[in-house]
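Peer 1: I have a structure I would like to understand better, so I am pasting it below and will then ask my questions one at a time.
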Amino acid sequence: MHVRLVRGEIKAGLLDTAVQRWTNQIAPVARTQTGFVRASLLVDRATNQFLTMVVWNSLEALQANIAWNRDRVSSFGDLFVGAPTIEEGFEVAAEANLE
């Protein structure tokens, strides 16, 4: 599995708007993308920082969805403070689960 990380800052007072938009517009469409495994949106409410993590079943799936992901990131442009950082291609080397 391979991961794409996006990190940045949301404008003051708009963090809940960003979470709602991600939950209602991004997550449902992400589930339909070939190779999608899971996604998480992490936030620090004290600093308005966010980190998204999208896991793909292969590097090929991650690469095939780069344009889709960049379009989704740009759809949040009105909420960002500056441009977010996008880091692509991390391999999941180990995991721990409750199961």
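The values are calculated or read from the model by the stated rules, or taken from the named source; none is laboratory data. Keep in mind that what you see is a predicted model, and the values were worked out from it rather than measured. Here the Cβ is made from the backbone with ideal geometry for all residues, glycine too, and neighbour counts use every protein chain on show.
Peer 1: Please determine, by comparing only the residues of segment 69-85 that are modelled with pLDDT of 85 or more and among the hydrophobic types (A, V, I, L, M, F, W, C), which one is farthest from the chain's Cα centre (by Cα).
Peer 2: V81
Peer 1: If you don't mind, another one. Looking only at residues in segment 49-68 that are closer than 20 Å to A93 by Cβ, more than 11 Å from the chain's Cα centre (by Cα) and not polar (S, T, N, Q), which one is surrounded by the fewest Cβ atoms within 10 Å (Cβ to Cβ)?
Peer 2: Among those that are closer than 20 Å to A93 by Cβ, more than 11 Å from the chain's Cα centre (by Cα) and not polar (S, T, N, Q), it is E60.
Peer 1: If you don't mind, there's one more thing I want to ask. How about segment 55-85: which of its residues are of a type in the set (A, V, I, L, M) and within 15 Å of I10 (Cβ to Cβ)?
Peer 2: Selection gives V73, L79, V81, A83.
Peer 1: Provide a single number: the residues in segment 88-99 that are modelled with pLDDT under 85 and of a type in the set (D, E, K, R).
Peer 2: Adding up the residues that qualify gives 2.
Peer 1: Can you find even one residue in segment 12-34 that is buried (at least 17 other Cβ atoms within 10 Å of the Cβ) and in contact with an Asp or Glu (Cβ under 8 Å, 6 or more places away or on another chain)?
Peer 2: No, the conditions are met nowhere in segment 12-34.
Peer 1: All but one of (1) surrounded by fewer than 12 Cβ atoms within 10 Å (Cβ to Cβ); (2) in contact with a Lys or Arg (Cβ under 8 Å, 6 or more places away or on another chain) hold for A46; state the number of the condition that does not hold.
Peer 2: (2)
Peer 1: So, one more: Looking at (1) more than 14 Å from the chain's Cα centre (by Cα); (2) farther than 15 Å from F76 by Cβ, find the lone condition where V37 falls short.
Peer 2: That leaves (1) as the condition not met.
Peer 1: Hydrophobic (A, V, I, L, M, F, W, C) and closer than 12 Å to R4 by Cα: is that true of V54 in this structure?
Peer 2: yes
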